[in-house]
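Here is the structure we will look at, set down as structure tokens.
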Amino acid sequence: MFTEKRYIVDYLVLIGEVIAAMRTWKKTMMSLMLAGSLISIPIGEASALSLTVDGKDLSLDADPVIVNSTVLVPMRGALNSLGAELEWNNETQTVTAVKGDLTITLKVGDSSATVRNGTSVTQVKLDQPSKVVNNRVMIPMRFLSNQFGAQVDWDQKSQTVQIKTADHGNSATQQDQKGDKGDKGDKGDKGDKGDKGDKGDTGATGPAGATGPAGPAGPKGDKGDTGDTGATGPAGATGPAGPQGPKGDKGDTGDTGATGPAGATGLTGPKGDTGATGPAGPKGDKGDTGATGPTGATGLTGPKGDKGDKGDPGTSGLLTGIYSYQLATVADATVIGGADIPFSNIGPTFGSASHTPGTTTFTVPAAGIYKLSYTVSLTAGIGSAIAVAVNGTVDSSTQISALTATGEVSGIALLNLAAGDVITLRNNSAVPLNMALAPAVGAQLVMEQVQ
């Protein structure tokens, strides 16, 4: 018995040492993971995570989540904390963050983001795509902080992600400049021994140890009281039939039984001979007109008739027109706000319409009503707008706004123009736009005189 107790005590001590070692290992691994990825913490501990920006707690409208060791935070609170302006396109599920010359575009579910810094455009691969969680768009905090020049640190003790923005860091650097290092002071006296700290909280209960060996069987107990009678079991199978008994006396005649159902109808007999035709009956009323029968086959073509007289002259078609397009290069692909779009090439022309390749202007040859069709293929420039300008003044009926950063923006207008009017296609906004580079067509303009 003593040997068995000693075995159990040794086993429990060993279990305690293993649990302590596992706790130390878990803390060490957590610190290494957080230091390596800055804001990556083990899944399941997001509720203990807090964020500060420039020393101030960041209040979010939803808790951060962790996906594949990457912290995702609500887009609005994160971008506002970094000083960026937010644009959200619900139709394309796209987030656009703008701060100065830096524009970052992320699409929910995409594994990369577009970063535009001035005229430079790059694609950056994300550790984890943005997601929609509980009707909140969650975006990777580390990626955005790095792109906007912020410094990201991890405080293990407080479980806090600390973000220092570039603007705050520059200010702090100027304030924290120190003078020359002074001489080393004398060693101070040894301080008094501090008070004994409070007793720490009791650790979590460790896992139950393995079941020990079964003890020896105890002595046989006294016979218990007879239990209640059990429920009646199912009926047994029917036994074999016994021998037939002697025939009994004839019983009284029973009452007449109910009439049984009618039998099935018999087969129809053979058809009799047709009787003599009776006298004709009176003439009946006229019946309804029957449905029209199918159209008969087309008859043979008749002989060709004599040639008719010559008709009056018809009205003329298009009087004059020109098609021009822009094959943009890096030098002229960007059109700033308020500037006119150049057109490098001329397509088919008719009448007296003209345009000088490489310029922005088209001259109206004759007075009349003109149809203008125009298109710009954007690679950047959300918020810009294109419009037709007549003699330098934009016609408000022709303005079309760019609601997305990429794609085509086009319009059609009918304008009453005078001979000598000068037509241009203008970026009628304060936002610069970028046209698609050749060999793609960056812009098109068709001018047709219709009356």
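Odds and ends about this structure:
- Here the label points at Val124 and Asp110, each 7 Å from Cα along the C-beta direction, are separated by 1.4 nm in the simple model.
- Contour minus Cα-Cα distance for Val422 and Asp61 (0.36 nm per residue): 124.5 nm
- Summed side-chain charge close to Leu126 - residues other than Leu126 whose Cβ falls under 14 Å, Lys, Arg +1, Asp, Glu -1: +2
- Neighbourhood charge, 13 Å Cβ-Cβ cut-off, centred on Thr424 and excluding it, Lys, Arg +1 and Asp, Glu -1: -2
- Backbone N within the stretch 57-79 under 15 Å of label point (7 Å from Ser158 Cα along the Cβ vector): 57-59
- Exceeding the 31 Å Cα-Cα cut-off - candidates Lys304/Lys371; Lys99/Lys371; Lys107/Lys164; Lys56/Lys99: Lys304/Lys371; Lys99/Lys371
- Lys131-Thr359 FRET efficiency (beta carbon distance; Förster radius 41 Å; 0.05 resolution): 0.25
- A cut-off of 5 Å between modelled amide H atoms, ignoring neighbours fewer than 5 places along the same chain, links Ala150 with Ala166.
- Val376 sits among other residues whose Cβ lies under 14 Å from its own Cβ, and their net charge, with Lys and Arg +1 and Asp and Glu -1, is -2.
- Rounded to the nearest Hz, the phi-derived 3J(HN,Hα) couplings of the stretch 393-407 under the Karplus curve 6.51 cos²θ - 1.76 cosθ + 1.60 (θ = phi - 60°) are 10, 6, 7, 4, 6, 9, 6, 10, 8, 8, 8, 10, 6, 10, x, where x marks glycine and proline.
The numbers here are math on the coordinates, done by the rules we state, and not lab data. Everything numeric in this text was worked out from a predicted model, so none of it was measured. Note that each Cβ is placed from the backbone with ideal geometry, even for glycine, and that neighbours are counted across all protein chains shown.
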